[in-house]
Amino acid sequence: MRFFSPSLFQAFILLIFLTAGCATTTQPGAVGVERKQFLLISAEQANQGAAAFYAKEKDKYAKAGALNKNPQQTARVRAIASRLIEQAGAFRPDTRNWQWEVNVINSKELNAYCAAGGKIAVYSGLIDTLHLTDAEIAAVMGHEIAHALREHTREAMSEALAQQVGLTVLATALKLGQNSASLLGDAATVGLTLPFSREKEREADRIGLELMARAGYDPHAALSVWRKMLSTGSGQPPEILSTHPAPESRLKDIEAHLPEVMPLYESAKRLGQ
């Protein structure tokens with residue numbers, strides 16, 4: 001028995017897409033992040049997936065003897081993270097109920113992340129290779145925590161689902177062949193997925209800047225840490241084909257938002273944070 005005609009099904013999918021992008025996961029803060037977000041996947045689904053991934057990664061590195069290998073470094077990272085987490089409520093009061101975790105992975109990789117729900121991992125190579133100060137570590141972790149606050153993983157999952165369903169419907173409606181459908185998918189990746197990813201990175205930079213300022217870390221360290229990363233000599237594709245903003249764009253955007261967060265930093269210093 002047929003319940004939906006193709007046209008009704010397409011209209012139903014379109015209605016879902018239109019109504020999904022009507023929420024924002026965070027308060028705007030001083031930096032003014034107010035973009036409406038596309039959220040088809042539930043927060044519970046995203047958090048469950050992130051928790052499973054994080055548990056698997058912890059187990060892998062623990063078995064290899066590479067989890068929190070340096071107690072002093074682990075304590076240092078956790079102390080910085082604690083100050084940042086205390087300020088997350090400025091953007092999301094519900095983060096006080098998150099099951100936060102902070103671990104250091106002993107690896108030469110220059111990496112760090114905060115998975116959905118507050119699961120943080122910092123790779124020792126990032127700290128050791130770049131000789132990061134506490135403020136620079138705070139800049140990196142603030143950026144990663146911002147991704148979790150904005151639920152960017154949940155958004156990416158929602159976008160992937162929408163793209164998968166939407167392209168299938170569109171290809172069927174237009175009676176496209178396999179090659180044409182593939183080109184349509186490539187166009188969607190360049191025209192939709194990557195620009196959204198760059199916008200997410202800009203949001204994480206801005207929110208991270210405010211988090212570190214509120215926690216009493218000089219926001220100027222966000223500039224120095226990205227410059228250190230650039231000094232490693234790793235190549236990057238042109239901005240139009242990259243999920244990250246071009247280095248020059250990123251630094252200019254951070255500089256533009258420094259006046260908004262410096263009063264928060266000065267206030268935190270006066271309070272002894």
Of everything in region 29-45, what is among the aliphatic types (A, V, I, L, M) and modelled with pLDDT under 85? Give them in sequence order. Leu39, Leu40, Ile41
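Please tell me if Thr26 is at pLDDT 90 or above and among the hydroxyl-bearing types (Ser, Thr, Tyr).
On the way: at pLDDT 90 or above: yes; among the hydroxyl-bearing types (Ser, Thr, Tyr): yes.
The answer is yes for Thr26.
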Please go through region 83-132 and give me each residue that is of a type in the set (Lys, Arg), within 28 Å of Val33 (Cα to Cα) and over 18 Å from the mean Cα position of the chain (by Cα), ordered by number. Arg83, Arg96
Just checking, does region 253-263 include any residue being at pLDDT 85 or above, farther than 23 Å from Glu155 by Cα, outside any helix (DSSP H, G or I) and of a type in the set (A, V, I, L, M)? no
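Do we have Gly65 as closer than 22 Å to Pro219 by Cα and surrounded by fewer than 18 Cβ atoms within 10 Å (Cβ to Cβ) here?
When the stated conditions are applied, Gly65 does not pass them.
To keep it simple, each residue is scored yes or no on (1) at pLDDT 95 or above; (2) outside any helix (DSSP H, G or I); (3) touching a Cys at 6+ places or on another chain (Cβ under 8 Å); (4) of a type in the set (A, V, I, L, M).
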| site | (1), (2), (3), (4) |
| --- | --- |
| Leu211 | yes, no, no, yes |
| Arg227 | no, no, no, no |
| Gln236 | no, yes, no, no |
| Pro245 | no, yes, no, no |
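The values are calculated or read from the model by the stated rules, or taken from the named source; none is laboratory data. Computed from a predicted model, the values in this text were never measured in an experiment. Using ideal geometry, Cβ is built from the backbone for each residue, glycine included, and neighbour counts are taken over all protein chains shown.
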